[in-house]
There are 2 protein chains.
Amino acid sequence: MELLSAHASFGGEQRFCRHPSREIGLPMRFSIYLPPAALGGTGAKVPLVVYLAGLTCTEETFPAKAGAQRFAAELGLAILCPDTSPRGAGVPGEADDWDFGVGAGFFLDATREPWQRHWRMESYLLEELLPLAGEAFPVDAGRVGLLGHSMGGHGALTLALRHPGRFRSVSALAPICAPSEVPWGVKAFSGYLGEDRAAWSRHDASALIAACAAPPFPGGILVDQGLADRFLAGQLRPERLEEACAKAGQPLRLRRHAGYDHSYYFVATFVADHLRHHAGSLA
Amino acid sequence: MELLSAHASFGGEQRFCRHPSREIGLPMRFSIYLPPAALGGTGAKVPLVVYLAGLTCTEETFPAKAGAQRFAAELGLAILCPDTSPRGAGVPGEADDWDFGVGAGFFLDATREPWQRHWRMESYLLEELLPLAGEAFPVDAGRVGLLGHSMGGHGALTLALRHPGRFRSVSALAPICAPSEVPWGVKAFSGYLGEDRAAWSRHDASALIAACAAPPFPGGILVDQGLADRFLAGQLRPERLEEACAKAGQPLRLRRHAGYDHSYYFVATFVADHLRHHAGSLA
């Protein structure tokens, strides 16, 4: 693992790293914020929030734009941000679309040619990056929460639901709530998973929750959604998540905010509440 | 004036605008954050902090990366960010260097060919953008503070000193404190002003303060500087400002921070203190 850069930030450190990934078969970048509590030299391990970013983003988007370090420092949380897809795989057409391929990994393992060799973001995160973070940094791999925005909100919800016990808390900002039913999700699932709709349901937050016999996160899921978000009706559909949670008895705090759009100005406004939500479960 | 985009942010609004500039002779972009207090429909005018950005930056850098809106909202401050130079002038070689020409206007009026037609950032700010902001937005043109980073810190200090009475408060993050003596400043002053060293002194914060008979900002100047900033010794030289302030009896709170670099991770860490500094003088 290579440390590309490190920046002092709110008494802690914002780091950018690169490592050769076994699961992806290519070098991958990630960022990690370490709060002052992790750097005190006491050997103490801090809880970790994993942030999954949206379409076109990288491991740098959240640290540069969300203003979350202030609160991570106060709350004693580390924040790990993976990239949003493999890069440099050389798959023909991989960068032709902004909503598929490069920058659009959807946090799943592709099963279809030509994507299944490198597009393994789920295994990468669960089997490689999280264990690596637990070894390389003073973070407690037993206290991990998942947070994401847009495509990354889909990733946070689905990974938390698909891997019971791995994540203690989950929340999302403007997530794609029912990918099987919207253009972004249909395009991604068709391309990465093929036409088997049962496979799609296993990566669809609303379908996964609706199928739960008991609420998977009794402490509640926090979701924020702007009402001036131009993707709200066509791509995000939080009402589908709301219906699924009601059916499963899963507590959901879905906050709808008049005037807010899909940008990082929205993310920055509400991210402190998300970190507090996670800190409460990870303490 | 054209509104390019607007984003809800901490109960206020982050706007991006373009207007044809008389002083520059080209279209110019700027951004403005309006806090909730300015949008209440009460007709109340809020104080304004003008933020001047550094080399290569635009009107978007500060709103996207500094996380200042949270505190501007709490303190009831608007924040106006101009661009850092004319763009699209077509001067030969204008974009060849990252530290001269495009993105590097140094917040002065050039007097030398071929720059003096468009590179008029001082007159643009003082005679055009600030009056425009006072007319177009609910901001109080009589309560304005100046804040800047790096080249913009030079701009904030020099403009505040060159225009007594126009700005009630001034502060800077990692400013170029003695441009006449460092490579960035020598290159900019030679190109924009020619070889007349007396003209340089009139745009050099340390020289301007050293020449003051009485302290121009009795309420104090706040400057933050990271000690891991790779430009500290070669380009910034806060000790020169310190010496000049001591000579003039100008109160200076110069804070040196171990470990901090020149990036927006440094800016974001300390910007809240700067907004509080201005709010105290602009109330």
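Taking the stretch B:170-283 as the region of interest, none of the helices (runs of 4 or more DSSP H) fully inside it holds 1 or more residues being within 14 Å of another protein chain (Cβ to nearest Cβ) and at pLDDT below 95.
Within the stretch B:6-16, does at least one residue satisfy the condition of being more than 14 Å from every other protein chain (Cβ to nearest Cβ) and under 20 Å from B:LEU132 (Cα atoms)?
First, the residues of the stretch B:6-16 that are more than 14 Å from every other protein chain (Cβ to nearest Cβ): none.
No, every residue in the stretch B:6-16 fails to be more than 14 Å from every other protein chain (Cβ to nearest Cβ) and under 20 Å from B:LEU132 (Cα atoms).
Scanning the stretch B:30-69 for residues that are more than 16 Å from B:GLY152 (Cα to Cα), open to solvent by 20 Å² or more (accessible area, probe 1.4 Å) and not hydroxyl-bearing (Ser, Thr, Tyr) yields a count of 9. Scanning the stretch A:133-164 for residues that are open to solvent by less than 40 Å² (accessible area, probe 1.4 Å) and either in a helix (DSSP H, G or I) or of a type in the set (Lys, Arg) (or both) yields a count of 13. Just checking, how many residues over the stretch A:61-80 are closer than 17 Å to A:ARG29 by Cβ and within 14 Å of chain B (Cβ to nearest Cβ)? So the count comes out to 6.
Contact map, the stretch B:112-123: residues that are of a type outside the set (Phe, Trp, Tyr) paired with residues that are open to solvent by 60 Å² or more (accessible area, probe 1.4 Å), Cβ distance under 8 Å, separation 6+ or inter-chain. Pairs shown: B:PRO114/B:PRO92; B:GLU122/B:ARG162.
What number of residues within the stretch A:204-245 are in contact with a strand residue (DSSP E or B) (Cβ under 8 Å, 6 or more places away or on another chain) and open to solvent by 20 Å² or more (accessible area, probe 1.4 Å)?
Applying the first criterion (in contact with a strand residue (DSSP E or B) (Cβ under 8 Å, 6 or more places away or on another chain)) to the stretch A:204-245 yields A:217, A:219-228, A:232, A:236, A:238, A:241-242, A:245.
Pick out the ones that are also open to solvent by 20 Å² or more (accessible area, probe 1.4 Å) and you get A:219, A:227-228, A:232, A:242.
Result for the stretch A:204-245: 5.
Examine the stretch A:106-129 for a residue that is out of contact with any Gly (no Cβ under 8 Å at 6 or more places or on another chain), farther than 23 Å from A:ALA268 by Cβ, assigned to a loop (DSSP other than H, G, I, E, B) and among the polar types (S, T, N, Q), and state whether such a residue exists. Yes; the residues of the stretch A:106-129 include at least one that is out of contact with any Gly (no Cβ under 8 Å at 6 or more places or on another chain), farther than 23 Å from A:ALA268 by Cβ, assigned to a loop (DSSP other than H, G, I, E, B) and among the polar types (S, T, N, Q). Residues in the stretch A:75-89 that are in a loop (DSSP other than H, G, I, E, B) and either under 17 Å from A:GLU23 (Cβ atoms) or aliphatic (A, V, I, L, M) (or both): A:LEU77, A:ASP83, A:THR84, A:SER85, A:PRO86, A:ARG87, A:GLY88, A:ALA89.
Exactly one residue out of A:SER5, A:SER9 is surrounded by fewer than 22 Cβ atoms within 10 Å (Cβ to Cβ), closer than 22 Å to B:SER263 by Cα and of a type in the set (S, T, N, Q), and it is A:SER5. Condition first: open to solvent by 30 Å² or more (accessible area, probe 1.4 Å) and among the aliphatic types (A, V, I, L, M). Now tell me which residues in the stretch B:255-283 satisfy that. Selection gives B:ALA258, B:ALA283. Residue selection: B:PRO92 satisfies the criterion of being of a type outside the set (Val, Ile, Thr), surrounded by fewer than 18 Cβ atoms within 10 Å (Cβ to Cβ), assigned to a loop (DSSP other than H, G, I, E, B) and at negative phi.
A single member of A:SER123, A:SER169 is of a type outside the set (A, V, I, L, M, F, W, C), within 28 Å of A:ALA213 (Cβ to Cβ) and open to solvent by less than 10 Å² (accessible area, probe 1.4 Å), and it is A:SER169.
The values are calculated or read from the model by the stated rules, or taken from the named source; none is laboratory data. In this text, all values refer to a predicted model and were calculated from it rather than measured experimentally. We place every Cβ from the backbone using ideal geometry, glycine too, and count neighbours over all the protein chains shown. With ligands, DNA and RNA removed, areas are computed over all heavy atoms of the protein, side chains included. Shrake-Rupley method; radii C 1.70, N 1.55, O 1.52, S 1.80 Å.
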